[in-house]
2 protein chains.
Amino acid sequence: MSILIKNVLLYNNITDILIEGNKIKTIAPNINVVADKVIDGTEKAAVPGFVNCHTHAAMTVFRGFGDDMELEPWLSDKIWPYEAKLTSEIVYHAMKLACLEMIKTGTTCFNDMYWNLSAGREAAEEMGIRSFQGKVILDSDHTKTFNETVHEVESSFNKYQNTELTTFTLAPHAVYTVSTRILEWLRDFSKANDLLVHMHLAETPLECDNCKKQYGVTPVRYLNRIGLLSPRLIIAHCLWLDDEEMQMLADNDVKIVHNPNSNLKLASGYHFKYHEMKDKGLTVGLGTDGVSSSNNLDMTETMKVASFIGKAWRDDPTACSAVDMFKCATHNGGIILNKQLGDIKEGYLADIVLFDLHTPAFTPNYNLISNIVYSGNGNDVDTVICNGKVLMENRKVENEDEILRNGNIYAHKLVDDDAAE
Amino acid sequence: MSILIKNVLLYNNITDILIEGNKIKTIAPNINVVADKVIDGTEKAAVPGFVNCHTHAAMTVFRGFGDDMELEPWLSDKIWPYEAKLTSEIVYHAMKLACLEMIKTGTTCFNDMYWNLSAGREAAEEMGIRSFQGKVILDSDHTKTFNETVHEVESSFNKYQNTELTTFTLAPHAVYTVSTRILEWLRDFSKANDLLVHMHLAETPLECDNCKKQYGVTPVRYLNRIGLLSPRLIIAHCLWLDDEEMQMLADNDVKIVHNPNSNLKLASGYHFKYHEMKDKGLTVGLGTDGVSSSNNLDMTETMKVASFIGKAWRDDPTACSAVDMFKCATHNGGIILNKQLGDIKEGYLADIVLFDLHTPAFTPNYNLISNIVYSGNGNDVDTVICNGKVLMENRKVENEDEILRNGNIYAHKLVDDDAAE
């Protein structure tokens, strides 16, 4: 299968892009080959598909289910009791809905942590979107022994082979929900099998205070002591870090994910230290977090909010530029997930998004990146190609009506036994 | 002309809405009349058209033209030199582009302050959108005498009669750009002619410090001393207010406009005191500000950012709820502009927007207002009715291709003599 995109704006130039198989083969003007499919790129801009580096995608079923609440009642009344009732059928349809939303807003790859890995993987594969998925590892509730937890992780590692689209990861939930013994075991298991480890860290002051009480040190220092800091570790949030902790993370090439909307909505904090991290050489990606705490999966919105809140709290309108945030949402995602994606380059995976420039948000178009990050939104995406396959064209995705209807049906199946608010 | 919207979701009920002339005539299920036009409201939600209470709409020509810059070089290198070259032709096409963008994102009414009132009014009238427009009043540069400024304001007041769609307002720029003598004259002129006064106030610490240096008091106290505080005064930004100033504003029923995106992008501040103002009985509206400082005119984004930043800086996830922000963007706009709009009620002006619910952002739809404010964006708007006329249906606006092309052409006419960045 080959795809030829003709006359598309790629950064500052009009060019053609030839895709062969799942890779970008040639980028040049006037490519003269017969391709299986030709896409007219006129009045469109090609950018790398966005990489959502931290989400719980199947939480689409919780969209708008318990907003504007305090964290504790939100979790104990709204999220946990219903998550306990999730079936693989619900997760499957919720994940399809999430993938549809991501495709329709230009995301081609996401890094996920949730329940029912089998259903999540099946849905994402069917949708043709690239994903990194790990089942939440959690043992602080003592419902499982150490050996049971280890066995479960080993079994799922053996069961879920990586495919072209789907990569297996380890997803210990957080320092307050996973025992030291399991974290130590994960350190060795991830190293032995070269697996990414995806974890929440330093999200709230309470987490940091409790970690100090329980282990005598802050979360980063605790992980450092365990020896879990490594280039394979991806940590989400990282709002509450001091300079020494950022240096520890940089020394170990740990990967960071900023989730501005979730951090703001849950009032976890707003002073994410992007520039300090960048200065130390840390790689920062962006994530939406789950829909229950950001309400959508639109990475363009995530880039804008990351930029604007960064400027505001630093009292510096030059901070967190559009170009920087765009790089976090694309290029840095490729670095974090260790795949050749996040850039439009010959030899890279063909994960490409075309924005429609014939819209108010892109008129005038003095500055494409500024317009994508600050003016447009995910609905301005017209065409999405992932792994060399067209997933959306003219904003149409295959079976989208059915996915929306099922998403709705299974969301209501989950919550309608009890009263939604 | 009558319009019948059938089977539409209005808050929690499916109903019909009958529009006759420019007003909402009847809201009831199963309305059985022959209307000139029937709109199928199935899988759509009707909400009041959004009211953008502070903008400089024709600044669409500056979209993405000088982002991520310090305030001073941005103004002196990017904005002011080009604004000096604005012609009425450019303002006309820029305003059409702005109106197109507003219609396509669900705004049916805006409160504007800019140059070339004639061109701005003509463009908005042609687009069929409701507007309140005032030409910037500014005399601190001493290019005009007191009498010349007064004469100009009086002439334009006499020239620009109010129409069904367009209302004349007075728009003194700010306390640092308008002399006390002119502000005093505007106080009397606005009272005598019952005119709204639209002004920037307390946007930056520098403005407040300079006001204290020049007049011995903060901006609100200065306006209070002049006697300009009144129910007709609409002040934008209001970031830097103490409790006593908020009380002065409340005692005089002054109207407030919060512009969260602009405030964040320009690093003017983020601690807008919504709850303190609400508790004092102040009416707070929302605005995008000009596209040069918010980059788009999407009020759904403005509501979300207002809510999320409000929660974050207050460290309170229950603050600035979706329902509150939605009210600011609709109902409060009607109060601020003193028109029967901002609600869907019998007898009110027929400014109605239909959101398409058959989209990922509205699936599931447990909570419509949350989905509009937190999950959807302006592109989820399907149909726009303003003053009883359909301006957009199935996302199509009359002449939109031509408006986009001209917007682009005239933007480049403005800036291409010199090098854009």
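Things worth noting here:
Residue by residue, here is whether (1) among the hydroxyl-bearing types (Ser, Thr, Tyr); (2) farther than 30 Å from B:Leu414 by Cβ; (3) touching a Phe, Trp or Tyr at 6+ places or on another chain (Cβ under 7 Å) holds:
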| residue | (1), (2), (3) |
| --- | --- |
| A:Cys320 | no, no, yes |
| A:Val323 | no, no, no |
| A:Cys328 | no, yes, no |
| A:His331 | no, yes, no |
| A:Ala350 | no, yes, no |
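- From the list A:Val291, A:Val284, the lone residue that is under 28 Å from B:Glu301 (Cα atoms), within 14 Å of the chain's Cα centre (by Cα) and either away from chain B (no Cβ under 14 Å) or surrounded by fewer than 24 Cβ atoms within 10 Å (Cβ to Cβ) (or both) is A:Val284.
- All positions within segment A:65-93 that are out of contact with any helix residue (DSSP H, G or I) (no Cβ under 7 Å at 6 or more places or on another chain), charged (D, E, K, R) and more than 8 Å from chain B (Cβ to nearest Cβ): A:Glu72, A:Asp77, A:Lys78, A:Glu83
- Selection status of A:Gly216, over 22 Å from A:Cys328 (Cβ atoms), without any contact (Cβ under 8 Å) to a residue 24 or more places away in the chain, of a type outside the set (D, E, K, R) and surrounded by fewer than 18 Cβ atoms within 10 Å (Cβ to Cβ): yes
- Any hit, segment B:313-323, residues being surrounded by fewer than 19 Cβ atoms within 10 Å (Cβ to Cβ) and either at pLDDT below 95 or polar (S, T, N, Q) (or both): yes
- Of residues in segment B:218-237 being of a type in the set (S, T, N, Q) and under 25 Å from the mean Cα position of the chain (by Cα), the one nearest to B:Thr288 (Cα to Cα): B:Ser230
- The residues of segment A:99-126 that are over 11 Å from the mean Cα position of the chain (by Cα) and within 18 Å of B:Ala361 (Cα to Cα), listed by number, are A:Cys99, A:Leu100, A:Glu101, A:Ile103, A:Lys104, A:Thr105, A:Gly106.
- Scanning segment B:368-408 for residues being more than 9 Å from chain A (Cβ to nearest Cβ) and of a type outside the set (D, E, K, R) gives a total of 15.
- Looking across B:Phe308, B:Phe326, one residue alone is hydrophobic (A, V, I, L, M, F, W, C) and more than 9 Å from chain A (Cβ to nearest Cβ). It is B:Phe326.
- Boolean, A:Cys211 is in the same structural domain as A:Leu183 (by TED's automatic domain parsing) and either within 15 Å of A:Val178 (Cβ to Cβ) or among the β-branched types (Val, Ile, Thr) (or both): yes
- Odd one out for A:Gly66 among (1) in a strand (DSSP E or B); (2) within 30 Å of A:Asn406 (Cβ to Cβ); (3) touching a Lys or Arg at 6+ places or on another chain (Cβ under 6 Å): (1)
- Filter pass, A:Lys396 being surrounded by fewer than 18 Cβ atoms within 10 Å (Cβ to Cβ) and touching a Ser or Thr at 6+ places or on another chain (Cβ under 9 Å): no
- Residues that are under 12 Å from A:Lys135 (Cα atoms) and of a type in the set (Ser, Thr, Tyr) within segment A:156-166 comprise A:Ser156, A:Tyr160, listed in sequence order.
- Per-region count, segment B:270-321, residues assigned to a helix (DSSP H, G or I) and closer than 27 Å to A:Ser321 by Cα: 20
- The set of residues in segment B:321-345 that are more than 22 Å from B:Phe168 (Cβ to Cβ) and either out of contact with any Leu (no Cβ under 9 Å at 6 or more places or on another chain) or not β-branched (Val, Ile, Thr) (or both) comprises B:Ser321, B:Ala322, B:Val323, B:Asp324, B:Met325, B:Phe326, B:Lys327, B:Cys328, B:Ala329, B:His331, B:Asp343, B:Lys345.
- Single match in B:Ser118, B:Ser140 (criterion: hydroxyl-bearing (Ser, Thr, Tyr) and at pLDDT below 95): B:Ser140
- Close pairs from segment B:34-57: first farther than 15 Å from B:Met113 by Cα, partner assigned to a strand (DSSP E or B) and among the hydroxyl-bearing types (Ser, Thr, Tyr), Cβ under 6 Å, at least 6 apart: B:Ala35/B:Ser2; B:Asp36/B:Ser2; B:Gly49/B:Thr108; B:Phe50/B:Thr107
- Flag if B:Lys96 is within 14 Å of chain A (Cβ to nearest Cβ) and over 22 Å from the mean Cα position of the chain (by Cα): no
- Tally, over segment B:285-332, of residues that are closer than 24 Å to A:Asn379 by Cβ and touching a strand residue (DSSP E or B) at 6+ places or on another chain (Cβ under 9 Å): 19
- Enumeration of residues in segment B:297-339 that are polar (S, T, N, Q) and more than 12 Å from the chain's Cα centre (by Cα): B:Thr300, B:Ser307, B:Thr318, B:Ser321, B:Asn338
- Answer residue from segment A:7-17, given it is surrounded by 18 or more Cβ atoms within 10 Å (Cβ to Cβ) and more than 28 Å from the chain's Cα centre (by Cα) and is farthest from A:Asn32 (Cα to Cα) among those: A:Thr15
- Of everything listed in (1) more than 10 Å from chain A (Cβ to nearest Cβ); (2) within 30 Å of A:Ile90 (Cβ to Cβ); (3) of a type in the set (A, V, I, L, M, F, W, C); (4) surrounded by fewer than 24 Cβ atoms within 10 Å (Cβ to Cβ), the single unmet condition for B:Ile344 is (2).
- Residue within segment B:363-386 that is in contact with a Leu (Cβ under 9 Å, 6 or more places away or on another chain) and over 28 Å from A:Met299 (Cα atoms) present: yes
- If you go through segment A:373-407 and pick out every residue that is touching a Lys or Arg at 6+ places or on another chain (Cβ under 8 Å) and among the polar types (S, T, N, Q), you end up with 5.
- Condition check for B:Gly388: on the phi > 0 side of the Ramachandran plot and surrounded by fewer than 19 Cβ atoms within 10 Å (Cβ to Cβ): no
- Within segment A:14-39, the set of residues being out of contact with any Ser or Thr (no Cβ under 9 Å at 6 or more places or on another chain) and of a type in the set (Lys, Arg) comprises A:Lys23 only.
- Only listed residue being touching an Asp or Glu at 6+ places or on another chain (Cβ under 6 Å) and either closer than 16 Å to A:Leu201 by Cα or within 14 Å of another protein chain (Cβ to nearest Cβ) (or both), chosen from A:Leu297, A:Leu264: A:Leu297
The values are calculated or read from the model by the stated rules, or taken from the named source; none is laboratory data. Please read these numbers as outputs of a predicted model, since none were measured by experiment. Using ideal geometry, Cβ is built from the backbone for each residue, glycine included, and neighbour counts are taken over all protein chains shown.
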